[in-house]
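Okay, structure first, notes after.
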Amino acid sequence: MQLEPYLREALEGKAVSAIEVCSDPGANGEGTDPTLLYSCQPAFDEVGDVIGISLSALEITQWKRISWQRDVHLGSCNCVTQLSFESR
């Protein structure tokens with residue numbers, strides 16, 4: 001399981017966020033890779049001992065696809081293009 005190391009960290013009392021996990025190709029039957037963004041938070045009792053984990057997941061497949069398409073169209077360059085004009 002790809003999340004296991006992060007779950008262990010949460011069980012040790014450390015909050016972990018922005019864990020991006022992509023499933024196997026075709027896992028949802030449509031030939032696409034669903035991408036999920038996870039966050040693991042330890043749950044503490046009244047004396048501060050870890051008693052469990054709070055896990056949240058956000059499905060970001062469409063956002064990733066749009067981001068990838070934007071990068072392809074922009075040439076994957078996170079830079080500013082310099083334009084020069086010649087006056088006549």
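Overview of results
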| quantity | calculated |
| --- | --- |
| Top-ranked residue in the stretch 1-25 [being closer than 17 Å to GLN62 by Cβ and assigned to a loop (DSSP other than H, G, I, E, B); ranked as modelled with the lowest pLDDT] | PRO25 |
| Those residues of the stretch 55-74 which are in a strand (DSSP E or B) and touching a residue at least 40 places away in the same chain (Cβ under 8 Å), in sequence order | LEU55 |
| Matching residues, the stretch 26-57, being surrounded by 15 or more Cβ atoms within 10 Å (Cβ to Cβ), of a type in the set (Val, Ile, Thr) and modelled with pLDDT under 90 | THR35 |
| Among residues of the stretch 32-43, those that are in contact (Cβ under 8 Å) with a residue 24 or more places away in the chain, touching a Gly at 6+ places or on another chain (Cβ under 9 Å) and in a strand (DSSP E or B), counted | 1 |
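The values are calculated or read from the model by the stated rules, or taken from the named source; none is laboratory data. Fair warning: this is a prediction, and the values are worked out from it, not measured in the lab. Note that we place each Cβ from the backbone using ideal geometry, even for glycine, and neighbour counts take in every protein chain shown.
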